[in-house]
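First comes the structure, then the notes that go with it.
The values are calculated or read from the model by the stated rules, or taken from the named source; none is laboratory data. Computed from a predicted structure; not experimentally measured. Cβ placement follows ideal geometry from the backbone for every residue including glycine, while neighbour counts extend to all protein chains displayed. These accessible areas exclude ligands, DNA and RNA; they are computed on the full protein's heavy atoms, side chains included. Shrake-Rupley method; radii C 1.70, N 1.55, O 1.52, S 1.80 Å.
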Amino acid sequence: VQQNSFVNFLNIFSGGGFSTIGVCALGIVPYINSSIFMQFGVKIFPYLEKLQEEEGESGRQKITQLTRYLTFVWALVQSVAITFWIRPYVFNWNFSFIIDTILALTAGSLIILWISDLITKDGIGNGVSLLIFQNIVAGIPKKYRTI
């Protein structure tokens, strides 16, 4: 993980989830990627632009819902990639392991998204930003240990 700068970058945002594979290894990254994709989509597809600009709050809610659906799909894609990435380290590689791992990683990412929504709805702050901040701060002691 340390040799790959891109994976190391994702490791920061997932709170170390890529270097120590766990249920929440994907973290909030699929949602961030989906949000970026949707921002591009609003500029590219007239339907999405119309939703955002002309339909007001209901249009923005529809875009938020589409972003969440895209988050689910993107989390599945990333879960498949991670599952096959860890294949050399798995002793009992079979179809059941593949499905279980994909479902667990996807569910973990969606649970993190749900937690960020709860943080936002409770008025504590922007849940996504606070989770990213927490992940970065949680990794600081580990960085200083390696220096």
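For the chain, the longest principal axis of the C-alpha atoms and the axis of helix 29-44 are separated by about 30°. For n ≥ 4 DSSP H runs only, could you compute -39500 (n - 2.57) per run for the chain, divide by its residues and tell me the 222 nm figure to the nearest 500? One gets -25500 deg cm²/dmol as the mean residue ellipticity at 222 nm.
Max-minus-min Cα coordinates of the stretch 71-147 on each principal axis give 44, 37, 15 Å, with the largest extent listed first.
Note on K43: lysines with a C-alpha under 25 Å away, same-chain residues under 8 apart excluded, are K62. Using the Cβ-Cβ distance between A107 and E54 with R0 set to 25 Å, the FRET efficiency from 1/(1 + (r/R0)^6) comes to roughly 0.10.
Using the heavy atoms of the protein chains and a 1.4 angstrom probe, tell me the accessible area per residue for the chain in square angstrom. Mind dumping the intermediate values first?
On the way: 9490 Å² over 147 residues.
Ligands and nucleic acids excluded, the result is 65 Å² per residue.
You can think of it this way: the chain between N94 and I36 has 17.4 nm of extra reach, that is 0.36 nm per residue less the Cα-Cα gap.
Which label belongs to the value computed from this structure, given these candidates for mean projected area of the Cα convex hull in nm²: (i) 10.8; (ii) 15.2; (iii) 11.8? Answer label, from the structure shown: (i).
I115 contributes about 60 Å² of solvent-accessible surface, heavy atoms of the protein only, 1.4 Å probe.
What is the percent carbon and sulfur in the accessible area of the chain, measuring with a 1.4 Å probe over the protein chains and ignoring ligands? Answer for the chain: carbon and sulfur cover 66 percent of the accessible area.
In terms of solvent-accessible area of protein heavy atoms at a 1.4 angstrom probe, what is the ranking of K142, K43, highest value first? Mind showing how you got there, number by number?
Numbers: K142 100, K43 155 Å².
Reading off the accessible areas and sorting them downward yields K43, K142.
Protein-only accessible surface at a 1.4 angstrom probe places the residues E54, E49 in the order E54, E49, largest first.
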